[in-house]
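Structure record follows, encoded as structure tokens.
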Amino acid sequence: MPIILILEDNEERIADFSRAVEKLGNGFEARIFRDVSGFAQEWEACAATVGLISLDHDLNPIPGAKRDPGTGLDAAVMLGDCLPACPVLVHSTNTDRVYSMLNELRFSGWIVDRVAPLSGPWIETVWLPRVRQMLAQYPNTWRAELSADHASRVERMQLSLDGLSLGDCLGEMFASRPVAAFNRLKQNDLVAGPWFCTDDTEMAISLVAVLKAHGHVNQDALAKRFARRWERAPDRGYGSMTRMQLREQVAGKPWRDTAAGAFGGKGSLGNGGAMRVPPLGGYFADDPERAAREAEASAVVTHTHPEGVAGTIATAVAAAMAFQLRGLDDVESHQCYYEGVLRLTPESEVRRKIQLAREIPAGVTSAVAAQMLGNGSQVSAADTVPFCVWVSAHYRNNFVDALAQAISVGGDCDTNAAIVGGIVALSAGREQIPTEWLAQREPLRF
Ligand SMILES: [Mg+2]
């Protein structure tokens, strides 16, 4: 059933909007929310069937509710992070904020207009005719393919994101003293929170949000989120080339051009594609081939060099294999993990070093493995991913050990631990992720 999605807190207006939408006919149904969080949840659940959105700005707290209801501008920012899907009407008397809302939406590509509330039956006489016009002119363009088990896929993604973000903030915390990490993590001797997440988590959140909304890697939606999150929080330790690309995108350059133009047209071979991709492996854990294809699509938004792409594919497939082999700890499952990764990783330096990782005999320490495979100090995919695949293989069933080992070798500590944390969370399971650590990590804002 087509939906008119409305943000409104006034009882009288809510009743008038409901009556007006009934008059629209064609099966339209009003879904009216008094706070931004309810509105955002509904939007996420049914974006493809929303015909039009109508937004108020000022919202009074819902009686009895502890949560801040937010404002219409919060809703506009949330929508602005998404690809435009349907027309938006703003119906608030708060003129200054109305302009902010219109601008937020306009600059992110949405069709938007304003209806000024008047006294009298303005909802029926002014709002409703404008709704009719906009519905006729601008059909919904949202594209999503959500499978029947979408919710459990999203849950796996969230598990991987929790592992990834903990690795990210703990790796960042110990980047200047990695040798201390092993005992401090093992003894749970850690500084008080909030723990700060870096670009790895920021970009992973964007990828998770796109998969949650679309069920596949919509590259335009992904590039838009990357750029908007960077604009809101630029000081998260992004690499200089990624910063340049995102700045150009914000200025209007298409992502295909910024990604292909990186490093004089060679494309980036850095570890940025890999660092954000483990949750995608969780989402497509049942289908490693699909995980590999979607991983490639997610990489090339910023990293087009074959090594950057291969590192992203290897990491996503490792995450999928980790989930498939969860609970198993024998030699056979160990080999199966490597075979899965090697089967789908394209010929590259990354793949050659993962082959080497598979041959490292049992009993070799992380420090020695890092000497053989790299520890990310060159911030390239080939210098980062093979070691992360090795740590994840050896410590697949122990989340804390895996992070402690990944961080203790130094190099690109936050990224190594983000990749390992995102993979191993899927095999070790939710029970192994310390809840007190999650409580110290800064809240993840989508
Ligand atoms: Mg980082």
| task | May I ask you to derive the relative contact order of the chain, considering only C-alpha pairs under 8 Å and at least 6 residues apart, and to give it as an integer percent? | result | 16 percent
| field | Residue pairs, from the table Lys224/Lys266; Lys212/Lys353; Lys266/Lys353, whose Cα atoms sit over 28 Å apart | value | Lys212/Lys353
| said: Tell me which chymotrypsin sites (Phe, Trp or Tyr not before Pro) from region 282-344 have a DSSP coil assignment and no more than 16 other beta carbons within 10 Å of their own. | reply: none
| task | Estimate the FRET efficiency between Arg352 and Leu438 by the formula 1/(1 + (r/R0)^6), using the beta-carbon distance for r and 30 Å for R0, to the nearest 0.05. | result | 0.25
| request: Quickly estimate the mean residue ellipticity at 222 nm for the chain, helices only: each DSSP H run with n ≥ 4 gives -39500 (n - 2.57), and the total goes over all residues, rounded to 500. | output: -18000 deg cm²/dmol
| task | Determine the shape class of region 185-329: with a ≥ b ≥ c the square roots of the Cα gyration tensor eigenvalues, call it rounded for a/c under 1.5, and otherwise prolate if a/b is greater than b/c, oblate otherwise. | result | oblate
| query | Taking every DSSP beta bridge that has both residues in the chain, what percent is antiparallel when rounded to the nearest 5? | reply | 5 percent
| message | If the only charges are +1 at each Lys and Arg Cβ and -1 at each Asp and Glu Cβ, what is the size of the charge dipole of the chain around the Cα centre, to the nearest 20 debye? | response | 640 debye
| query | How far is it, in nm, from the label point at Ala362 to the one at Ser18 when both lie 7 Å from their Cα along the line to the Cβ? | reply | 6.7 nm
| query | Based on the Cβ-Cβ distance of Glu29 and Arg343, what FRET efficiency does E = 1/(1 + (r/R0)^6) give at R0 = 51 Å, to the nearest 0.05? | reply | 0.60
| note | Expressed in nanometres to one decimal, the distance between label points 7 Å along Cα→Cβ at Thr95 and Ser147 is 5.4 nm
| request: Please state, to two decimals, what the Cα-based radius of gyration of region 1-82 comes to when divided by 2.2 N^0.38 Å (N = residues). | output: 1.06
| query | Using the Kyte-Doolittle scale, which helices in the chain average at least 0.0 and also have C-alpha atoms spread 24 Å or more along the helix axis, with helices defined as whole DSSP H runs? | reply | 306-324
| query | How much length, in nm to one decimal, is gained on full extension between Glu231 and Lys266, taken as 0.36 nm per residue of separation minus their Cα-Cα distance? | reply | 10.1 nm
| query | Within the chain, which is the longest segment containing none of the GluC sites (Glu not before Pro) that sit in a DSSP loop and have at most 15 other Cβ atoms within 10 Å? | reply | 146-346
| In terms of the Cα gyration tensor, with a ≥ b ≥ c the square roots of its eigenvalues, is region 296-446 rounded because a/c is under 1.5, prolate because a/b exceeds b/c, or oblate? | rounded
| Farthest positive-ward along region 150-440 dipole, Cα basis, beta-carbon charges - from Ala418, Gly267, Phe174 | Gly267
| query | In vacuo Debye scattering of the chain, one point per C-alpha: log10 I(q)/I(0) at q = 0.06 Å⁻¹? | reply | -0.28
| remark: Dipole check, region 18-104, charges on Cβ (K,R +1; D,E -1), about Cα centroid: among Gly51, Leu79, Leu24 the Cα furthest to the positive pole belongs to Leu24
| remark: Any residue on another chain or 5+ positions along whose placed amide H is under 5 Å from the amide H of Arg441 is listed here as Trp195
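Read-outs throughout are calculated quantities, based only on the coordinates presented, and are distinct from any laboratory measurement. Only a predicted model underlies this, so the values are computations on that prediction, with no experimental measurement involved. Here Cβ is always computed from backbone atoms with ideal geometry, including for glycine, and neighbour counts include all displayed protein chains.
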